[in-house]
Each structure stands twice: as C-alpha cells, then as structure tokens.
Amino acid sequence: MLHLSGLSARLRVEWRTRDIHPWDRDMPPGRRGELFRDQAVRDTEAAILRLFDLLPDIDAIDVRVLEPHAPNRLILAGTVVRADALAVQALSSPAMRLAMMGVRCRTTDGRLEPLDTAGDAATRRNLSP
C-alpha cells in the first residue's frame, strides 16, 4: 500500500479590477491613476487573503488581474504561496505586502501600467490548462 507523504494544491484565478468610483472620475488624471492603483492593490490583497481563508487546502494561488476596460491588459500578476501571504501581514504598505507575496506590477508616476507583453505571454502560457 502507498502512503501519501505530501499533497499540494494550487489555484489559478483571473479577474478584472474595479474602476474608480464615479464621483472620483472628475479628479485630475494623476490623482485618478493613484486612486485606481491603491484600490486595485487593496482589492487584490483582500481577494488573495479571502481565497486562502475560504480554501484551506490551497497552498498557492496564481493571480492575474486585468484592467477594468478593454483591452483588459494585465496589470498585476504573480504566484502567491500561503506562507508568504501570512508572513507579510505586519508590513504597513499594501503594495509592499503584495510585492513580498510575489505579485508584480509596473507603475509610472504613481499609476499602474500594463505589464510587458512578453511577461504577459509567459504568464498566460503558465496559467493555461
């Protein structure tokens, strides 16, 4: 008889982030970009933590976060291991927590930018079934 000595489960998720609230759409473009970045980072971290909480058998989550509007380019991506998500909770910055979890993004002047197409293609290959 075989005896199981280890088991690992991994989840792949992809979603479109929310746009900023309608009442913030009249803000200057730079400020809108900052609000969107902060919201996307907070939402992504919250979603990751909720998934780990709801699915205790999952060891790692492959995350892809897309822009809210067409062409829905990739803006946040990475693989988060449960232990890393738990280990960074003492950090005060949500963006730093995500980075330390393994989620990557690009920013320019405080705004999220699409990840490069080469990285997007590689990530897409890794996440395809």
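The values are calculated or read from the model by the stated rules, or taken from the named source; none is laboratory data. A quick note: this is a predicted structure, and the numbers were derived from the prediction, not measured. Remember, those area values only see protein heavy atoms, side chains included, never the ligands or the DNA or RNA. Shrake-Rupley method; radii C 1.70, N 1.55, O 1.52, S 1.80 Å.
Quick one: with all protein chains in place, what share of the accessible area of the chain is carbon or sulfur, to the nearest percent (1.4 Å probe)?
Carbon and sulfur atoms account for 55 percent of the accessible area of the chain.
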Between GLN39 and MET1, 0.36 nm times their residue separation minus their Cα-Cα distance comes to what? 8.6 nm
Could you pull the Rg and Dmax for region 1-42, using just the Cα atoms, both in Å? 20.4, 67
Region 21-90 - convex hull of the alpha-carbon atoms, volume per residue in Å³: 117
Crossing angle, helix 117-127 versus the chain [Cα axis fit, 0-90 degrees, rounded to tens]: 30
Under the helix-only model (-39500 (n - 2.57) for each DSSP H run of 4 or more, divided by the residues of the chain), the mean residue ellipticity at 222 nm, to 500 deg cm²/dmol, is -12500 deg cm²/dmol
Mean accessible surface per residue for the chain, computed with a 1.4 Å probe while every protein chain stays in place, in Å²: 63
Expected output is a single nm value to one decimal: the length gained when fully extending between LEU49 and VAL81, i.e. 0.36 nm times separation in residues minus the C-alpha distance. What is it? 10.4 nm
Please state, rounded to one decimal and in Å, the Kirkwood hydrodynamic radius that the chain gives when every pair of distinct Cα atoms enters the mean of 1/r. 15.7
